[in-house]
1. Counting helices only, and only those DSSP H runs with n ≥ 4, report the 222 nm mean residue ellipticity of chain A as the sum of -39,500 (n - 2.57) divided by its residues, in deg cm²/dmol to the nearest 500.
2. Can you give the charge dipole size of segment A:9-171 about its Cα centre, rounded to the nearest 20 debye, using +1 on the beta carbon of Lys and Arg and -1 on the beta carbon of Asp and Glu?
3. Using a cut-off of 19 Å between alpha-carbon atoms, which lysines can reach A:Lys123, once sequence neighbours fewer than 8 places away in the same chain are excluded?
4. Determine the shape class of chain A: with a ≥ b ≥ c the square roots of the Cα gyration tensor eigenvalues, call it rounded for a/c under 1.5, and otherwise prolate if a/b is greater than b/c, oblate otherwise.
5. Dipole of segment A:9-171 (Lys/Arg Cβ +1, Asp/Glu Cβ -1, origin at the Cα centre): which of A:Asn44, A:Val55, A:Gln126 lies farthest to the positive side?
6. Which lysines, on any chain, are close to B:Lys10 with Cα under 21 Å apart, when same-chain ones fewer than 8 places away are left out?
7. Given Cα pairs under 8 Å that are at least 6 residues apart, what percent is the relative contact order of segment A:85-173?
8. Give me the percent relative contact order of chain A, please, defined on Cα pairs under 8 angstrom at least 6 residues apart.
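No lab work stands behind these numbers, since they all come straight from the coordinates. It should be emphasised that the depicted structure is a prediction, and the values quoted were computed from it without experimental measurement. Virtual Cβ from ideal backbone geometry, glycine too; neighbours counted across all protein chains shown.
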Amino acid sequence: MKNEEKHLYNLNELSDYKVASDNPDVRGWDVRDADNRVVGKVENLLVNKNIQRVVYLDVHVDKTIIDANHDPYGRPNHMDIREFVNKDGENHVIIPIGMVNLDKSNKNVLANGIDYRTFSETKRYQHGTSLNKEYETTVLKSYNREVVPDAVYDDENFYERDEFDRNKYSKRG
Amino acid sequence: MAEIKIEKKKPVWPWILLVLVLIVGVYIYWTYNDNLNETEQNEMVTDSIPQMNEEFNEMEADTTSAY
């Protein structure tokens with residue numbers, strides 16, 4: 001997955017940046033779905049330097065999710081079905097930061113609005129590959145299959161979507 | 001609320017520079033003190049030599065007069 005201009009960085013690769021001192025570093029925390037089942041572990045934080053914050057959690061998914069072997073939801077029109085299935089080695093998935101709550105006392109990331117099946121049907125990627133907007137949009141479609149956002153977002157204001165702001169996302173119907 | 005901000009790390013080099021300056025300062029201080037002590041010791045030695053010489057000369061003079 002290549003993109004012309006890199007807009008997402010693993011925090012690990014930005015040696016001059018760190019999590020702000022009064023914010024939790026959730027790397028290593030368990031990710032739990034709507035039924036409180038562990039679906040993976042946060043391996044990295046994907047940040048956008050322009051807005052100076054984390055926009056996605058990079059989650060190493062649990063083996064049970066991979067073993068469920070569901071086809072991904074929301075195949076783009078131009079892509080062949082064989083290109084779109086989850087392949088071997090694709091064991092990471094991204095979760096927009098606004099779609100989770102942080103349980104600081106137990107060090108858990110709670111994805112209350114995403115159930116186990118949705119996780120297992122979300123397109124995954126191989127760790128180390130750079131992400132593009134197409135993948136991001138596919139993932140958001142998978143998580144938003146019940147609620148389609150009203151607004152249209154272009155590249156400039158992509159991270160102003162509800163999914164990246166907990167307050168806005170929790171107010172969404 | 002799930003919001004995680006990032007910030008630029010504060011540069012470490014000013015602290016390294018400060019430590020280096022302190023180390024150099026301490027080194028210069030000790031070296032200067034050592035030099036002072038050495039100078040004082042040298043002066044003491046220099047002071048004592050004429051006295052010894054004078055005493056020796058006096059003794060020599062006495063011996064000569066005895067002959």
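1. Working: 5 runs with 32 residues, N = 173.
Calculated from helices alone, the mean residue ellipticity at 222 nm is -4500 deg cm²/dmol.
2. Details: 23 positive and 30 negative charges, 67 e Å.
Using only the charged Cβ atoms, the result is roughly 320 debye.
3. Once the sequence-local lysines are set aside, what remains near A:Lys123 is A:Lys2, A:Lys41, A:Lys63, A:Lys87, A:Lys133, A:Lys141.
4. Working: a/c = 1.24, a/b = 1.13, b/c = 1.10.
Rounded is the answer for chain A, as its axis ratio a/c remains below 1.5.
5. So the residue we want is A:Asn44.
6. Leaving aside lysines fewer than 8 places away in the same chain, those within reach of B:Lys10 are A:Lys18, A:Lys49.
7. Details: 78 pairs, mean separation 33.5, N = 89.
Computed over segment A:85-173, the figure is 38 percent.
8. Details: 283 pairs, mean separation 42.1, N = 173.
About 24 percent, as a whole number.
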